[in-house]
Amino acid sequence: MGESSGVALAVLAIFALGASLSRAETVTVPPCGSTPGTTAGAYSGLVNVTVSGSLVITPGNPDQDAFHNFNESNPSTAVSPNPDTFRYNRVSEGTCLCGFECPSTSHRVSDILVGPYPAYDPSHTYTVELDLGTAIAVPLHFGIYDCGCGDNSGELTVTIDSGSTVTTTTVPPPPPTTTTTLPLFCPPGTRSQREPLQQDQPAWLTQELTLDSVRDGTILAAKKRQTVAQCKVESHLSRLAWPNAALGGPRPARLRFGLQALRMSDPQSVYVRLKSMSARRVDRVASAGLKIEVVNEKSSLIQGTCASSVLPAVAALPFVTTIRPVDRAFTRVGHAETEGDGASRATVVRSLGYDGSGTSVGVLSDGIDHLADSQATGDLAPVTVPSDSRCHQGSGDEGTALLEIVHDLAPGAQFFFSGPTTSLEFIDSVNCLTAAGAKIIVDDIGFLNEPFFEDGPVASAVRAAVQGGVSYHSAAGNDAMDYLEQAFRGTPGSDFHDFLGGPIDNADDVLM
């Protein structure tokens, strides 16, 4: 696994849908000064709310919708955010919602928005997610604030979709009550479901990092100009998602070879991290255009594929915090001969009548493409890939080689295999092999983005397996001398690390 903190673990929580029933209701919010609209149902926790409609304040002034002022003569142009217009309070707090009369029972919707204000929409229709907290569910009042409590025309319509009354709502929302256009799922293309761990094509498409751009602050200034959505997306993906905006616009790019493969052509394989996981949020990520492959509830991570053009829509979701390329696995290839048989004195153990019979061994590596060839020559016994969606056939033959070595040491053992290609698939594979009955698990897979000084998700998955009685063994020692240890050395005028310390080296250049 390549994590210096060693083997460690916490169980992966399997994603499941709750049994609560969905419900939806619509309440009309009259102009300020009138009796507030009251919900029939009681609400707490996470709810989806669609607000539509607008209000005319006084002649000559901009109109208002739920979240923005807009120009009456040009309703497609927003004037400014207007956070005070739309308010709520619980029935238990009283019926008044006019802020001038009883502000203690009138709350800004901004206080419970799960994310920033929605972008201005000339249709004046917005769907947002609200967090009503963990208090006992009660009916709600919705009303208008900061409109003078005088002559106003128009009204807002509020539709509430709620799956349950707790903050960890796990049911998908009911069918939408308004017509909404959403991106379609990105097409699968011609790429196979499983990919080789190591790819032959150039991997990173990067902007040229020059010393001048660091010294004059060009890069840092460009980062500060990025939108909230752009800041959520890893820089290489951002360049593909916003080709005319990322880091100051398109520049001549160079190609680099690397283990962490970012495709130059779509679709992209990405991890999407959420503030917290719920089935509703997973559905909304899928509706934004991500084809979901793995959901890791414990880490609030989703693995999926989509076109680069879809990334802005996913990043715009208020509960999405980061989007980055998947952590791709790489194998730690060792010597071809089974030198461990004699070194471990397995021959002595077998001479005593112990050949692994009654023991089940799980192997994690890239693939078992030529498994049948090894079995035909007697170098390998039957191998089972569990019929569990968390286990994978994989691609390559490092797995075949590992199984041959284990078979040499313990020819009587039962063998299981899974070939993950990403860190989330690796976690699933550990849990899959454990559930299949493997008492010993061995891997030769590493991940470059796992933390060095604490246990990450991969180490946590292994720890859970060990605590469940599995004897776990990794080839992490093959990478024992592959590291760089330096104290941070700031570059004058920037926040970049200087690897060399004269002349300045911000890219860790290596001369071959």
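Okay, here's what the table says:
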item	result
Subset of segment 382-401 (residues that are under 19 Å from Gly437 (Cβ atoms) and not in a loop (DSSP other than H, G, I, E, B))	Val383, Thr384, Gly399
Complete set of residues in segment 120-148 that are among the small types (Gly, Ala, Ser) and either within 17 Å of Asn48 (Cβ to Cβ) or open to solvent by less than 30 Å² (accessible area, probe 1.4 Å) (or both)	Gly133, Ala137, Gly143
Residue within segment 290-299 that is surrounded by 15 or more Cβ atoms within 10 Å (Cβ to Cβ) and over 30 Å from Ala119 (Cα atoms) present	yes
Sole residue being assigned to a loop (DSSP other than H, G, I, E, B) and under 30 Å from Asn431 (Cβ atoms), chosen from Gly469, Gly501, Gly493	Gly469
Test: residue in segment 373-392 that is β-branched (Val, Ile, Thr), open to solvent by 10 Å² or more (accessible area, probe 1.4 Å) and touching an Asp or Glu at 6+ places or on another chain (Cβ under 9 Å)	no
So Ala464, is it assigned to a helix (DSSP H, G or I) and of a type in the set (A, V, I, L, M, F, W, C)	yes
Residue within segment 428-438 that is touching a residue at least 24 places away in the same chain (Cβ under 8 Å) and part of a loop (DSSP other than H, G, I, E, B) present	yes
Among the residues listed as Gly342, Gly358, the single one being of a type outside the set (A, V, I, L, M), open to solvent by 30 Å² or more (accessible area, probe 1.4 Å) and assigned to a helix (DSSP H, G or I)	Gly342
Pick from segment 301-330, criterion over 18 Å from Cys231 (Cβ atoms), outside any helix (DSSP H, G or I) and open to solvent by 20 Å² or more (accessible area, probe 1.4 Å), ranking: modelled with the highest pLDDT	Ala307
Residue within segment 71-80 that is at pLDDT 70 or above, within 33 Å of the chain's Cα centre (by Cα), open to solvent by less than 60 Å² (accessible area, probe 1.4 Å) and not β-branched (Val, Ile, Thr) present	yes
Evaluation of Gly469 against (1) modelled with pLDDT of 90 or more; (2) under 22 Å from Ser389 (Cα atoms) (one fails), failing number	(2)
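The rows are residues; the columns are (1) closer than 21 Å to Leu403 by Cα; (2) modelled with pLDDT of 85 or more.
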| residue | (1), (2) |
| --- | --- |
| Ile445 | yes, yes |
| Asp455 | no, yes |
| Ser474 | yes, yes |
| Gly477 | yes, no |
| Asp482 | no, no |
| Arg489 | no, yes |
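Results for (1) among the hydroxyl-bearing types (Ser, Thr, Tyr); (2) open to solvent by 10 Å² or more (accessible area, probe 1.4 Å), shown as yes or no for each residue.
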position: Leu424; (1), (2): no, no
position: Asn449; (1), (2): no, yes
position: Glu454; (1), (2): no, yes
position: Val458; (1), (2): no, no
position: Gly469; (1), (2): no, yes
position: Tyr472; (1), (2): yes, yes
position: Ala480; (1), (2): no, yes
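The values are calculated or read from the model by the stated rules, or taken from the named source; none is laboratory data. All of these numbers come straight from a predicted model, not from anything done at the bench. Don't worry about glycine lacking a Cβ; one is built from the backbone with ideal geometry, like all the others, and counts go over all protein chains shown. Accessible surface areas use protein heavy atoms only, side chains included; no ligands, DNA or RNA. Shrake-Rupley method; radii C 1.70, N 1.55, O 1.52, S 1.80 Å.
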